[in-house]
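**Student:** Dumping the structure here so I can ask a few things about it.
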Amino acid sequence: MDQNVFVFDHPLIRHKVSLLRDKNTGTKEFRELVSEIAMLMAYEVTRDLPMKEVEIETPVAPTKTEVLAGKQIAIVPILRAGLGMVDGMVKLIPNVRVGHIGLYRDPVTVEPVEYYCKLPEDITEREVILLDPMLATGGSASAAIGFLKKRGIQNIKFMCLIAAPEGIRRITTDHPDVKIFCAAKDEKLNDHSYIVPGLGDAGDRLFGTN
Ligand code: PRP
Ligand code: URA
């Protein structure tokens, strides 16, 4: 399981996640932090992008150097809370295409319910980075990945801020081909399937709806 899971240990990310967890962090700062952490994570999530050699001239001499080989990427936030991570990703990958999947977790069954999907037309040719700040039971992420696969998408990474061990187990079991990147791995779920210690309801904190 561990070879498919990358937990960030960078001090900047750890610091920002601590601020995010604090119940006294208000909506404005929460939004900014989610976006900043997503941007910092994008750096690692895109580490394996292929490069190609090109010839250029510096003011001093001609030289061979490397640029991105142009592998196409799409990011797909899971609505609502995944939207908070889009801005930070786009800052680092300005030409990225953005699809959307709408899922909510039924409050009684905690099963994911799908209500929206709009993806770029050429999505099957792209590497897809699925975004959601919270991986709790893993039901939402697993359903979203299944949905992307049904549309013919083969190359999928999942990026979240806080992951519970239960969610990680679910994704690595249901989708062993999908790499998970998380800013922090927490202890467990509580009786309401909330992550402990977690940060509460990510969507409500991002959009100020609680
Ligand atoms: C949250 C979160 C994930 C899901 C995680 O969304 O953003 O999508 O719960 O839980 P799971 O791993 O147990 O499926 P929520 O259903 O609260 O919807 P929202 O983003 O609209 O607030
Ligand atoms: N969704 C959230 O927003 N928070 C949790 O802790 C679990 C699911």
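The values are calculated or read from the model by the stated rules, or taken from the named source; none is laboratory data. Just so it is clear, the model here is predicted, and its values are computed rather than measured. As a convention, Cβ positions derive from the backbone with ideal geometry for all residues, glycine included, and neighbour counts pool all protein chains shown.
**Student:** Taking region 84-95 on its own, how many of its residues are surrounded by fewer than 20 Cβ atoms within 10 Å (Cβ to Cβ) and either at pLDDT 95 or above or of a type in the set (A, V, I, L, M) (or both)? I'd like the intermediate steps shown before the answer.
**Tutor:** Just the residues of region 84-95 that are surrounded by fewer than 20 Cβ atoms within 10 Å (Cβ to Cβ), to begin with: 86-87, 90-95.
Restricting the remaining residues to those that are either at pLDDT 95 or above or of a type in the set (A, V, I, L, M) (or both) gives 86-87, 90, 92-93.
So the answer is 5.
**Student:** Just give me the residues in region 4-17 being touching a strand residue (DSSP E or B) at 6+ places or on another chain (Cβ under 9 Å) and either polar (S, T, N, Q) or part of a helix (DSSP H, G or I) (or both), in sequence order.
**Tutor:** Once the filter is applied, which keeps residues that are touching a strand residue (DSSP E or B) at 6+ places or on another chain (Cβ under 9 Å) and either polar (S, T, N, Q) or part of a helix (DSSP H, G or I) (or both), region 4-17 yields 4, 13, 14, 16, 17.
**Student:** Within region 127-148, which residues are over 16 Å from residue 73 (Cβ atoms) and away from ligand 2 (no atom under 15 Å from the Cβ)?
**Tutor:** Result: 145, 146, 147.
**Student:** Scan region 149-161 for residues that are at pLDDT below 95 and part of a helix (DSSP H, G or I) and jot them down.
**Tutor:** 150
**Student:** Take the residues of region 186-200 that are closer than 19 Å to residue 13 by Cβ and among the acidic types (Asp, Glu): which is surrounded by the fewest Cβ atoms within 10 Å (Cβ to Cβ)?
**Tutor:** So, considering only residues that are closer than 19 Å to residue 13 by Cβ and among the acidic types (Asp, Glu), the one surrounded by the fewest Cβ atoms within 10 Å (Cβ to Cβ) is 187.
**Student:** Could you tell me which numbered condition residue 60 fails, if it satisfies all but one of (1) aliphatic (A, V, I, L, M); (2) under 22 Å from residue 181 (Cα atoms); (3) assigned to a loop (DSSP other than H, G, I, E, B)?
**Tutor:** (2)
**Student:** May I ask you to say which residue of 164, 141, 183 is buried (at least 16 other Cβ atoms within 10 Å of the Cβ), among the small types (Gly, Ala, Ser) and either away from ligand 1 (no atom under 12 Å from the Cβ) or at pLDDT below 95 (or both)? Break it down into steps so the answer makes sense when it comes.
**Tutor:** Numbers: 164 fails: either away from ligand 1 (no atom under 12 Å from the Cβ) or at pLDDT below 95 (or both); 141 fails: either away from ligand 1 (no atom under 12 Å from the Cβ) or at pLDDT below 95 (or both).
Being buried (at least 16 other Cβ atoms within 10 Å of the Cβ), among the small types (Gly, Ala, Ser) and either away from ligand 1 (no atom under 12 Å from the Cβ) or at pLDDT below 95 (or both) holds for just one of 164, 141, 183, which is 183.
**Student:** Still on this structure, please answer the following. Between a first residue in region 197-210 that is closer than 8 Å to residue 81 by Cβ and within 10 Å of ligand 1 (Cβ to nearest atom) and a second residue that is of a type in the set (A, V, I, L, M) and assigned to a helix (DSSP H, G or I), which pairs have beta carbons less than 6 Å apart while being 6 or more apart in sequence or on different chains?
**Tutor:** From residues that are closer than 8 Å to residue 81 by Cβ and within 10 Å of ligand 1 (Cβ to nearest atom), the pairs are 202/81; 203/81; 206/81.
**Student:** Here's another thing I want to ask about it. I'd like the full set of residues that are of a type in the set (Asp, Glu) and over 20 Å from residue 166 (Cβ atoms), limited to region 1-38.
**Tutor:** Scanning region 1-38 gives 9, 22, 29, 32, 36.
**Student:** May I pose another question? Just one of 78, 73, 56, 93 is within 16 Å of ligand 1 (Cβ to nearest atom) and of a type in the set (Val, Ile, Thr); which is it?
**Tutor:** Being within 16 Å of ligand 1 (Cβ to nearest atom) and of a type in the set (Val, Ile, Thr) holds for just one of 78, 73, 56, 93, which is 78.
**Student:** Being free of Cβ contacts under 8 Å to residues at least 12 places away in the same chain, of a type outside the set (D, E, K, R) and outside any loop (DSSP other than H, G, I, E, B), is that true of even one residue in region 170-180?
**Tutor:** Yes, region 170-180 contains a residue that is free of Cβ contacts under 8 Å to residues at least 12 places away in the same chain, of a type outside the set (D, E, K, R) and outside any loop (DSSP other than H, G, I, E, B).
**Student:** What are the pairs, 6+ residues apart or on separate chains, where a residue within region 84-106 that is under 13 Å from residue 32 (Cα atoms) has its Cβ under 6 Å from a residue that is hydroxyl-bearing (Ser, Thr, Tyr) and part of a helix (DSSP H, G or I)?
**Tutor:** Close Cβ pairs satisfying both conditions: 87/35; 88/35.
**Student:** Check residue 192 against each of (1) within 22 Å of residue 85 (Cα to Cα); (2) within 10 Å of ligand 2 (Cβ to nearest atom); (3) at pLDDT below 95 and name the one condition it does not meet.
**Tutor:** Exception for residue 192: condition (1).
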